[in-house]
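The values are calculated or read from the model by the stated rules, or taken from the named source; none is laboratory data. Just so you know, these numbers come straight off a predicted model, no measurement behind them. Every residue, glycine as well, gets a Cβ built from its backbone with ideal geometry; the counts of neighbours run over all protein chains shown.
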Amino acid sequence: MIKIPHHKLTKHPAILLLTVWYSFAWSWSFFTDSLELSGSQSQGLVLAFIVVAVNVSLSVLIMYSVIRLVNYVNLKYSKLVFIPLTIVLFALADYLVAWLVALFWIGPQGSIDSVLPIGSTALVLADSPFRFASRFIGFYGLAAFVWVTVYLLYSKQTRKYAVIPIAVLSIVSLSGWILYKSPNGSQVRVTIVSEKLDDRVPQVNPRSADLVLFPEYGLEKNDNSNLQERIMRTTVDQPKTYFAGSDQVYKNDVTGHKNNMKFGNTLDGFTDSQEKYRLIPGGEDLPYLMRTLLRATNQKSTLDYFSYAKGVLKGPYQLKPFVLSSDTHVATAVCSSIIAPEDYREFTNSGATIFTNSASLTTFKGSPLFKWQQKSLAKFMATANSRYFIQSANSATAYALDNNGNQIAEVGGVNTVTVKAVNNSRITPYVVLGEWLVKAGAIVAVFVLLSSTRAKKFYKKYLIKFHKKRH
């Protein structure tokens, strides 16, 4: 086992610090309407406690394991080499926490590349001017700079070096802002809808907008015959307005439902649709573990209820941007893509010039913590890709962010607001390189582990046995 020096983050303080952070990050789980899924509030609280306990324990285990590795690197290498190695290792750690927690709760409709970055420290920097560094170092790169700064500040021996990552992050952030602050496209007027599942806004007048964005399920039970209930139709001699939103599609012979992102305009009606691809583990796709637990406790009715009322059937392909014009390509995602930074990066690589998200956040009952987490993720998407980000929502505020992550509008209740977004086709290094610090961290981790004293002893022991067998 790698020896931990006494002057570094030792076992109990590190575990306590990590436990407090991840417990805070997941605490909204005790206040969602998912507690009613099991049939009683007490059983729901037990399930919520299990979920939070697993998520926090797994997160702490992963991050503490990397801290042990960082301690070893600190002993072996000079500070000039140690700090960059530590940054990439913490980027890897933050990614592993987000990925492995999601993988633990995977279900039949899950994707192996899903992540749950709810406990990422990147959310803290995404809500600060340091977010502009994301245009170079990505989501987990932001988190890495937080972790390495905390690590260096913990000990008197390393505290003086904490200024290095802060200075580097400041320079990178300033560069990211200067180089990509200005979008290069035309203006698009977008009307954003805020409403509730059972309380919709009146018919939308589209004359002041190029695009009307409805929430998730905002176009449920609407087709060309009754589209005018949601938005005023136009004639050939009038300018047409585009619209987007989603609806649920049930099939008699299939358990669960499709969630279709629908797109069209006020002249032609519905013209295109795409099936939701990214599902939230545990929210729209019941994990194998929970299915096994429900079956073992003879709660088939609960399982059936989830499968019918909440279970979503994943589409076969990732969503693609809808085309409004030659220079306006809108990435219209459905709710859960907000937790997947890579989705919006793929949208940008597919030609998206503006981001939107149609969400339904009834489950979270207006949790201030989740609202902050969700909006911080949106600020990252907007800033890292340098795209306007517009969200329409059920039971939550609708808002718009510019390409620098600054909020330009927000409205709640049953209401609408029209904003002026700007297309942008400029590509940031993040769009091209992705989470390159995570990949670098994986290479460094493998190299350090293979070069450790314990690994060398292992190789020596078994190579000698192998050599004796051959001779």
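If I filter region 207-222 for residues that are modelled with pLDDT under 95, of a type outside the set (Phe, Trp, Tyr) and outside any loop (DSSP other than H, G, I, E, B), do I get at least one hit?
Yes: one or more hits.
Name the residues in region 206-247 that are of a type in the set (A, V, I, L, M, F, W, C) and touching a residue at least 60 places away in the same chain (Cβ under 8 Å), would you?
Within region 206-247, ALA209, LEU211, LEU213, PHE214, ALA244 qualify.
Is there a residue being surrounded by fewer than 19 Cβ atoms within 10 Å (Cβ to Cβ) and under 16 Å from ILE280 (Cα atoms) anywhere in region 404-411?
no
Regarding region 94-104, can at least one residue be identified that is at pLDDT 95 or above, assigned to a helix (DSSP H, G or I) and of a type in the set (D, E, K, R)?
Yes, the conditions are met somewhere in region 94-104.
What number goes with the only condition from (1) more than 22 Å from PHE270 (Cβ to Cβ); (2) within 20 Å of the chain's Cα centre (by Cα); (3) among the hydroxyl-bearing types (Ser, Thr, Tyr) that THR332 does not pass?
With (1) more than 22 Å from PHE270 (Cβ to Cβ); (2) within 20 Å of the chain's Cα centre (by Cα); (3) among the hydroxyl-bearing types (Ser, Thr, Tyr) applied to THR332, the lone miss is (1).
Of (1) crowded, with 23+ Cβ neighbours inside 10 Å; (2) touching a residue at least 60 places away in the same chain (Cβ under 8 Å); (3) not charged (D, E, K, R), ALA382 satisfies all except one. Which?
Only one criterion is unmet by ALA382, namely (2).
From the set of residues in region 414-446 that are within 20 Å of the chain's Cα centre (by Cα) and not aliphatic (A, V, I, L, M), which is nearest to SER186 (Cα to Cα)?
THR428
Out of the residues in region 416-456 that are hydroxyl-bearing (Ser, Thr, Tyr) and more than 20 Å from PHE132 (Cβ to Cβ), state the one that is modelled with the lowest pLDDT.
THR453
Going through region 248-300 one residue at a time, which ones are part of a strand (DSSP E or B), touching a residue at least 12 places away in the same chain (Cβ under 8 Å) and of a type outside the set (S, T, N, Q)?
Taking region 248-300 and keeping what is part of a strand (DSSP E or B), we get 248-250, 257-265, 269-275, 281, 285.
Subset that is touching a residue at least 12 places away in the same chain (Cβ under 8 Å): 248, 257-265, 269-270, 272-275, 281, 285.
Across region 248-300, the qualifying residues are HIS257, LYS258, MET261, LYS262, PHE263, GLY264, GLY269, PHE270, ASP272, GLU275, PRO281, ASP285.
Listed residues SER27, SER65, SER42; which is at pLDDT below 90 and either touching a Cys at 6+ places or on another chain (Cβ under 8 Å) or surrounded by fewer than 22 Cβ atoms within 10 Å (Cβ to Cβ) (or both)?
Being at pLDDT below 90 and either touching a Cys at 6+ places or on another chain (Cβ under 8 Å) or surrounded by fewer than 22 Cβ atoms within 10 Å (Cβ to Cβ) (or both) holds for just one of SER27, SER65, SER42, which is SER42.
For ASN403, only one of the following conditions fails: (1) of a type in the set (S, T, N, Q); (2) closer than 24 Å to PHE24 by Cβ; (3) in a loop (DSSP other than H, G, I, E, B). What is its number?
Single failed check for ASN403: (2).
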